[in-house]
Structure formats: C-alpha cells, structure tokens
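Right, one structure below, let's go through it.
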Amino acid sequence: MKPNLSFQQFIQRRQVIGMYRKYMRLTQRIADKTARRETREWVRGDFDRYKHETDTKRIEVLLAQASRQYKELESGVFSML
C-alpha cells in the first residue's frame, strides 16, 4: 500500500513525472540510436537515484536542476539536427 501524500508531495510527484516524460520525449529526437539509448539510461539513472527523496525543499532544488539540464540538453539535441 502506498503512503498517503501531502498536497505538496502530490504536486511535486506530478512535476517529477512530467519532467521525466519531457526528457523522454526529447530523447526521441536523437537520431543516433546508441546516443539515444545512453541518454535515456543517464536520465533514468538520475531519476532513480533520487526516487526515495521526501524532503520537499530538496525536491524543489532537484526539479530546478533538472529544468536547467533539460534546457542544456535541448540546445545540444537541436544542434545535432
């Protein structure tokens, strides 16, 4: 049975899932299959590393970090096209 989430935790969970999906959609644009697979493994590893994090302040920091890294990755992916 899953523990009950506070409203803040519920919102953050949705944000994390949304960020993960955003990354996965971005990796679909990578033409090279090996680079795509490696990028997905990297993203999955980062999200898995913090999946048990419960501190809402820490999660906010991690989401901000993920957003910055996404923008960097996005500019790199577009430069490959």
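The values are calculated or read from the model by the stated rules, or taken from the named source; none is laboratory data. Since we're looking at a predicted model, the values are computed, not measured. Virtual Cβ from ideal backbone geometry, glycine too; neighbours counted across all protein chains shown. These accessible areas exclude ligands, DNA and RNA; they are computed on the full protein's heavy atoms, side chains included. Shrake-Rupley method; radii C 1.70, N 1.55, O 1.52, S 1.80 Å.
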So with the 1.4 Å probe, I'd like the accessible area per residue for the chain, rounded to whole Å². 78
Give the relative contact order (percent, whole number) for the chain; include only Cα pairs under 8 Å separated by 6+ residues. 43
Correct response: the longest run of the chain lacking exposed trypsin sites (Lys or Arg not before Pro), defined by DSSP loop and at most 16 other Cβ within 10 Å, is 52-81
From the helices alone, meaning DSSP H stretches of at least four residues, give me the mean residue ellipticity at 222 nm for the chain, per-run term -39500 (n - 2.57), in deg cm²/dmol to the nearest 500. -27000 deg cm²/dmol
Give the residue list of GluC sites (Glu not before Pro) in region 1-53 that are DSSP loop and have at most 14 other beta-carbon atoms within 10 angstrom. Glu53
Using a 1.4 Å probe on the protein heavy atoms, what percent of the accessible area of region 38-81 belongs to carbon and sulfur? 50
Taking every pair of alpha-carbon atoms in the chain, what share in percent sits in each 5 Å bin, from 0 to the bin with the longest distance? 3, 13, 25, 23, 15, 10, 7, 3, 1, 0
Note: Lys71 to Ile17 extended length (0.36 nm per residue) minus current alpha-carbon separation gives 17.7 nm
